[in-house]
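Here's the structure we're looking at; comments come further down.
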Amino acid sequence: MKSTVKKILCIALCLSLLVSLLSISTYADTDDAIQRVTCCVNGDTKTQRGFCWYTPEESESHVRIYLNGIDVTDTTVVTAQREQEWKGMYMHQVTVSGLEAGKAYTYKVGDGENWSKTGKFTTDNGDDKVNFISIADVQASSEENFERASWVMDAALETMPDAEFVSNLGDFTNDSTNEEWDGYFKYFERHNLATSLVPIAGNHDGLGVWHWFDNMFDLDTSESVQNLNGVNYSYDYGNAHFAVLNTNDMLSISDAQLTWLKNDMNSSSADWKIAFMHKSPYSLGKDGKWPDALYLTEALTKVVDECGIDVVMSGHDHSYIRTKSLKDNKVVEDGEGTVYVLDGTAGTKRYEIREFSADTYLNTDFIAALTIQRDGYGNYWDGDDYESTDPANIGGSFTTVSIDGGELKLTAYVLTEETKETKVIDTFTLTKETGKGEATFEGDNTTSVFDYALTVIPSFLHLAEYALLKWLPKTIINLPKIIYYVIKTDTF
């Protein structure tokens, strides 16, 4: 009997020791020094992804890819690799191709011996369905505000757990410092490891410090007209074509990028066409009165109309607005124009609307939905009442988009601060007959440094012409109205 007890105790001790060793091994395999890990859409979404991470010391750059728990790294190809010191740390970027379409992968990044936490992504299977989440303007400075914004992303992934990517419409941080980027990645690590990311450059994302954005994410820069203060790129997913714009380019958008957008959209026969950007051409927020954003209404929307883009999603002005279907700056029937969505803010910095902008800088007949957040209350604007109170509308916002064949459905949500419940604030559906798309552009859509340089002066002159000949006279004429509402609401 004693012998049996001893054997049982011995076996239990061995099992305990084995579990301890496995725990130590698992912990040792995860290096906390590997930071800021992202997996981004990069090129062909069926077969390729771009990985970026940072380390405090110089080291090699390796990516391990797993399919159903089996290491398949040897079946993939590293198509691009970049390492460099940046702002006191070391940036690593590796682009991996040779992936299989429609597969759920996991991955780790590291130096070949020490590895990050495990991330995951799913490649496009090429069917006519796609689901994605969109957020904008985390724009935090403090850990508290990064954490509060991360709760919004938690709610988004709970709402759409099968999201194939997350588009972040810019302003990841407030001042684009190392400390703030560390804060963003600390609180958004679990989200960035959960799916693929589609990042869009905001004006707070290193504008004035060249290459911040380009060095933070591994993106397809092959057709970007420049990558000093952001990146423009495109990709297909499902039966949709997506273009990402850089509205830091010449403070708004350059002639070169407008040409790129036109060629890019016209090169696709996809059923749906969607554009992501940071600044919004239609807004009643704090920044909706300035010429850099309003120039997009003048210049960008013409290209959008010409290319038949269905939806344009943006951030920048920290409020939620959806326009009616617009073409040539007029309301048209759904499906005949473009719906513009200002995605609100996932963060805690929320802009009151500027009532003087109504029918001055934005025709309020264009507005299909608008949620106002100010002074501790919110309301769903009905076209007249700016003052009705509803605390349920106060909180960080996000949107989900589902495309299924000829139907596109967008739903906007607020994570209510008071109750921590997720509330729908807007939803709409577009339908179309599929299989009608036709590509009309073939050829090289890259922009050389010389070609871009040739557009710098014309781009500046076009923005200046708009500001001086259209924006300024309108502002002067409406100055009494502006002053009245500034005094009334104490906002400008």
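The values are calculated or read from the model by the stated rules, or taken from the named source; none is laboratory data. Quick caveat, the model's predicted, so the values are computed rather than measured. Here the Cβ positions follow ideal geometry from the backbone for every residue, glycine too, while neighbour counts run over all protein chains shown.
Count, please, the residues in segment 332-354 that happen to be surrounded by fewer than 18 Cβ atoms within 10 Å (Cβ to Cβ) and closer than 21 Å to Leu296 by Cα. The number of residues fulfilling the criteria is 2. In segment 100-122, the qualifying residues are those that are touching a strand residue (DSSP E or B) at 6+ places or on another chain (Cβ under 7 Å) and in a loop (DSSP other than H, G, I, E, B), and the one that is surrounded by the fewest Cβ atoms within 10 Å (Cβ to Cβ) is Gly112.
Would you check which residues across segment 141-156 are more than 13 Å from the chain's Cα centre (by Cα), assigned to a helix (DSSP H, G or I) and in contact (Cβ under 8 Å) with a residue 24 or more places away in the chain and list them? Give the derivation first.
Filtering segment 141-156 for residues more than 13 Å from the chain's Cα centre (by Cα) gives 141-152, 154-156.
When the remaining residues are screened for being assigned to a helix (DSSP H, G or I), the result is 143-152, 154-156.
The answer is Glu143, Asn145, Phe146, Glu147, Arg148, Ala149, Ser150, Trp151, Val152, Asp154, Ala155, Ala156.
Quick test of your reading of the structure: Thr400 fulfils all but one of (1) in contact (Cβ under 8 Å) with a residue 24 or more places away in the chain; (2) under 25 Å from Arg354 (Cα atoms). Name the failing condition by number. The number of the failed condition is (2). A residue that is of a type in the set (A, V, I, L, M, F, W, C), assigned to a strand (DSSP E or B) and within 30 Å of Tyr187 (Cα to Cα) occurs nowhere in segment 346-358. A single member of Thr416, Thr389, Thr422 is among the hydroxyl-bearing types (Ser, Thr, Tyr), surrounded by fewer than 21 Cβ atoms within 10 Å (Cβ to Cβ) and at pLDDT 95 or above, and it is Thr422. Evaluate segment 210-217: report whether one residue or more is over 15 Å from the mean Cα position of the chain (by Cα) and buried (at least 21 other Cβ atoms within 10 Å of the Cβ). Scanning segment 210-217, I find at least one residue that is over 15 Å from the mean Cα position of the chain (by Cα) and buried (at least 21 other Cβ atoms within 10 Å of the Cβ), so the answer is yes.
Out of Lys302, Lys289, I need the residue that is free of Cβ contacts under 8 Å to residues at least 60 places away in the same chain and either at positive phi or over 18 Å from the mean Cα position of the chain (by Cα) (or both). Which one?
Details: Lys289 fails: free of Cβ contacts under 8 Å to residues at least 60 places away in the same chain.
Just a single option satisfies the conditions, and that option is Lys302.
Pairing residues of segment 464-479 that are without any contact (Cβ under 8 Å) to a residue 40 or more places away in the chain with residues that are of a type outside the set (Gly, Ala, Ser) and not in a helix (DSSP H, G or I), at Cβ distances under 6 Å and at least 6 apart in sequence or on separate chains, gives no pairs at all.
Checking the condition in contact with a Pro (Cβ under 7 Å, 6 or more places away or on another chain) and of a type in the set (A, V, I, L, M, F, W, C), which residue from Phe242, Phe276, Phe213, Phe217 passes?
Working: Phe242 fails: in contact with a Pro (Cβ under 7 Å, 6 or more places away or on another chain); Phe276 fails: in contact with a Pro (Cβ under 7 Å, 6 or more places away or on another chain); Phe213 fails: in contact with a Pro (Cβ under 7 Å, 6 or more places away or on another chain).
On inspection, the qualifying residue turns out to be Phe217.
When each of Phe450, Phe441, Phe460, Phe492 is tested for being exposed (fewer than 11 other Cβ atoms within 10 Å of the Cβ), at negative phi and not aliphatic (A, V, I, L, M), the lone residue that passes is Phe450.
Among the residues of segment 133-157, not one is closer than 12 Å to Lys186 by Cα and among the basic types (Lys, Arg).
In contact with a Gly (Cβ under 6 Å, 6 or more places away or on another chain) and over 25 Å from Asp44 (Cα atoms) - does that describe any residue in segment 237-252?
Initially, segment 237-252 is screened for residues in contact with a Gly (Cβ under 6 Å, 6 or more places away or on another chain), giving 246, 248.
If we keep only those that are over 25 Å from Asp44 (Cα atoms) as well, we get 248.
There is at least one residue in segment 237-252 that is in contact with a Gly (Cβ under 6 Å, 6 or more places away or on another chain) and over 25 Å from Asp44 (Cα atoms).
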